[in-house]
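Worksheet: one structure, shown below.
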Amino acid sequence: MKVLITGGSRGIGRSCVELFTQKGDNVVFVYAQNDSAAKACEEKTGAVAVKGDISDFETAGAVFVRAENILGGIDVLINNAGVSYIGLFTDMNLSEWRKITDINLSSAFYMSQHAARLMIKRHSGKIINIGSVWGRCGASCEAAYSAAKAGLRGLTMSLAKELGPSGINVNCVEPGVIDTDMNAHLDSETLAELTLNTPLCRIGTPAEVAKAVYFLASEDSSFITGQIIGVDGGFGL
């Protein structure tokens, strides 16, 4: 498979890069800032890194074209790029709101639009969005993040209906509490509480999320579309 992964230099994105390359797939991953992490991922996996701020429409288009040229086409798009913001809703300013929604939601719209145009011509393709359990449940002090991830749910289901007749599968994976840099700020008390609220009584790993993503990208999921798959240890129940 020819696979494009956004936000691939760390966390869940990097685990996806590692798994897909291990399976023999050709991978390009997009990153925004961390050059050292991107280089380390390239050296470990053989994937190709492309730098760019895909929350900007024009940049997203240029990044997509570059990735398409490197891969010679794109079979699978994984919209994983994301950042979080923790703070009171009443304290959030417009710049912070726009940053969170642009990176977590708008970038997926931009990249999916480019991918869809390509995949429609071929009458095949997979688009996989990486949401969050907070897009289902909502998180206190994470209003923008929760709203953006909830938007990915709606985008997934809408695109599944619209693109299905063109042979394109669109699904969403919603991780729960995962051991990533994004959650590294959580103190031991908060992590203990989140673990207690997870039926499997532990937090998840990026590799566990990547396995679900790989399944949705594979032919084993050929008749699955428009689905929201929780990889959350039961947290969202």
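The table for this structure:
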{"item": "Residues with amide H under 5 Å from that of residue 205, placed H, sequence gap 5 or more", "result": "179"}
{"item": "The chain - accessible surface per residue (Å², probe 1.4 Å)", "result": "47"}
{"item": "Estimated vicinal HN-Hα couplings, Hz - segment 109-123 in sequence order (Karplus 6.51, -1.76, 1.60; Gly, Pro = x)", "result": "5, 4, 5, 5, 5, 5, 5, 4, 4, 6, 6, 4, 4, 8, 6"}
{"item": "Segment 77-138-segment 193-209 distance, computed between alpha-carbon centres (Å)", "result": "23"}
{"item": "Ranked by how many other beta carbons lie within 10 Å on average, peptides 3-10, 27-34, 156-163 from highest", "result": "3-10, 27-34, 156-163"}
{"item": "GNM top mover of 226, 11, 87 - the chain, alpha-carbon springs below 10 Å", "result": "87"}
{"item": "FRET efficiency, 1/(1 + (r/R0)^6) with R0 45 Å, evaluated for residue 219 and residue 186 via beta carbons", "result": "0.75"}
{"item": "Per-residue ³J(HN,Hα) for segment 142-147, Karplus 6.51 cos²θ - 1.76 cosθ + 1.60, θ = phi - 60°, Hz, x for Gly and Pro", "result": "9, 4, 5, 4, 5, 5"}
{"item": "Helix-derived mean residue ellipticity, 222 nm - over the chain, DSSP H n ≥ 4, -39500 (n - 2.57), to 500", "result": "-14000 deg cm²/dmol"}
{"item": "Simple Cβ-charge dipole of segment 1-45, Lys/Arg +1 and Asp/Glu -1, about Cα centre, in debye nearest 20", "result": "80"}
{"item": "Rough spin-label spacing in nm, given labels placed 7 Å along Cα→Cβ, for residue 88 and residue 227", "result": "4.3"}
{"item": "For segment 36-50, 3J(HN,Hα) per residue [Karplus equation, 6.51 cos²θ - 1.76 cosθ + 1.60, θ = phi - 60°, Hz, x = Gly/Pro]", "result": "5, 5, 5, 5, 4, 5, 4, 5, 6, 10, x, 6, 9, 8, 10"}
{"item": "Residue 44/residue 193 FRET efficiency (R0 35 Å; Cβ-Cβ; nearest 0.05)", "result": "0.55"}
{"item": "Taking the chain and dividing mean pair separation by its residue count, relative contact order in percent (alpha carbons under 8 Å, at least six apart)", "result": "20"}
{"item": "Spin-label pair residue 237/residue 98, simplified geometry with 7 Å Cα→Cβ offset, distance in nm", "result": "4.3"}
{"item": "Relative packing of peptides 49-59, 191-201 - highest average C-beta neighbours within 10 Å first", "result": "49-59, 191-201"}
{"item": "Length released on extending from residue 36 to residue 2, taking residue separation times 0.36 nm less the Cα-Cα span", "result": "9.8 nm"}
{"item": "Residues with amide H under 5 Å from that of residue 139, placed H, sequence gap 5 or more", "result": "146"}
{"item": "Check: the chain dipole with +1 on Lys, Arg Cβ and -1 on Asp, Glu Cβ, in debye", "result": "720"}
{"item": "Protection proxy ranking of 168-176, 65-73, 137-145 - average other beta-carbon atoms within 10 Å, highest first", "result": "168-176, 137-145, 65-73"}
{"item": "Accessible carbon and sulfur surface of the chain relative to its total accessible area, %, 1.4 Å", "result": "52"}
{"item": "Residues whose placed amide H lies under 5 Å from that of residue 129, excluding near-sequence neighbours", "result": "79, 171, 172, 173"}
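The values are calculated or read from the model by the stated rules, or taken from the named source; none is laboratory data. Everything numeric in this text was worked out from a predicted model, so none of it was measured. Methodologically, a virtual Cβ is constructed for each residue, glycine included, from the backbone with ideal geometry; neighbour enumeration extends over all protein chains shown. We work out accessible area using only protein heavy atoms, side chains counted, and drop any ligands, DNA or RNA first. Shrake-Rupley method; radii C 1.70, N 1.55, O 1.52, S 1.80 Å.
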